[in-house]
């Protein structure tokens, strides 16, 4: 076997060995992929400042446990909280999940991660907040994931809390 | 059939009809009973101000998302947060779950409810806080339920937050 052939054989071998690994990393769906996708889609609705679309991610019995205000349960109550936050001047909300998990039965799961939030207060001063969140997701009869509980709180000392 | 016999037959029928309902309400264990029991046992460890016993309720990868401090993950980090809270002068913590649920597979669940917390600050002034919490529980190989995530935040306006 000449050199060009050996090189070809080596590359063919490497390519064949790499296939299962490629298939595993790029194609095998994990149970939590759908829940991470729902988490990302929910953020897009927030970024678009679309209250109705954001509220549509809630389960019909969904609750939001926001800091410094009582728990809100049901779409009407949660809509008020979301509308309040999105209406803040120059409100910019970003979050990304750090962990995601789904029960073996695939009907209940969670995402948890970090958020950055900034807005201008009445005087035009920029208020910045960073913190963490926990969302519990419930699989719906149509196969979509909806928010059963969502809660977050700030990493900042009390005085800096918005 | 005479009147007394008809009455007996009617009562016998009612009694037989009621049996399944009685069995269901008083004897049939619900999947979330064990998770509510774990939630109550965890509170007892807090009430006893037993840091080690309280930390023992955490999954080995468990996280606490406490307000105004970064997320704590793992028993060593969570122990510091619990020790800090239990060391406050006259610290009194109470909570009760409002909702509890378990995945169909019985490996993941949640409790969510309300807390009351009071303590004395350095000057001896009593600080009182009320709020809500969300706990995600993971079934362990030995059948016990441990805390995968625990988070809470205050209902009070920012200025009153401890």
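The values are calculated or read from the model by the stated rules, or taken from the named source; none is laboratory data. A quick note: this is a predicted structure, and the numbers were derived from the prediction, not measured. So basically every Cβ, Gly included, is an ideal-geometry build from the backbone, and we count neighbours across all protein chains shown.
Things worth noting here:
- Restricting attention to segment B:75-93, the residues being more than 20 Å from the chain's Cα centre (by Cα) and farther than 19 Å from residue B:125 by Cβ number 3.
- Against the test of being outside any strand (DSSP E or B), at the interface with chain A (Cβ under 9 Å from one of its Cβ atoms), at pLDDT 95 or above and out of contact with any helix residue (DSSP H, G or I) (no Cβ under 9 Å at 6 or more places or on another chain), the options B:112, B:105 yield a single qualifying residue, B:105.
- Test result for residue A:70, modelled with pLDDT of 95 or more, in contact with a helix residue (DSSP H, G or I) (Cβ under 8 Å, 6 or more places away or on another chain) and within 14 Å of chain B (Cβ to nearest Cβ): no
- When residues of segment A:128-162 are limited to those that are in contact with a helix residue (DSSP H, G or I) (Cβ under 9 Å, 6 or more places away or on another chain) and surrounded by fewer than 16 Cβ atoms within 10 Å (Cβ to Cβ), the one nearest to the other protein chains (Cβ to nearest Cβ): A:158
- Test set (1) under 13 Å from the mean Cα position of the chain (by Cα); (2) more than 26 Å from residue A:128 (Cα to Cα) - residue B:128 fails condition number: (1)
- Residues in segment B:73-102 that are over 25 Å from residue B:36 (Cα atoms) and in a strand (DSSP E or B) were compared, and the one that is farthest from the other protein chains (Cβ to nearest Cβ) is B:90.
- Residue A:34 touching a strand residue (DSSP E or B) at 6+ places or on another chain (Cβ under 7 Å) and within 14 Å of chain B (Cβ to nearest Cβ): no
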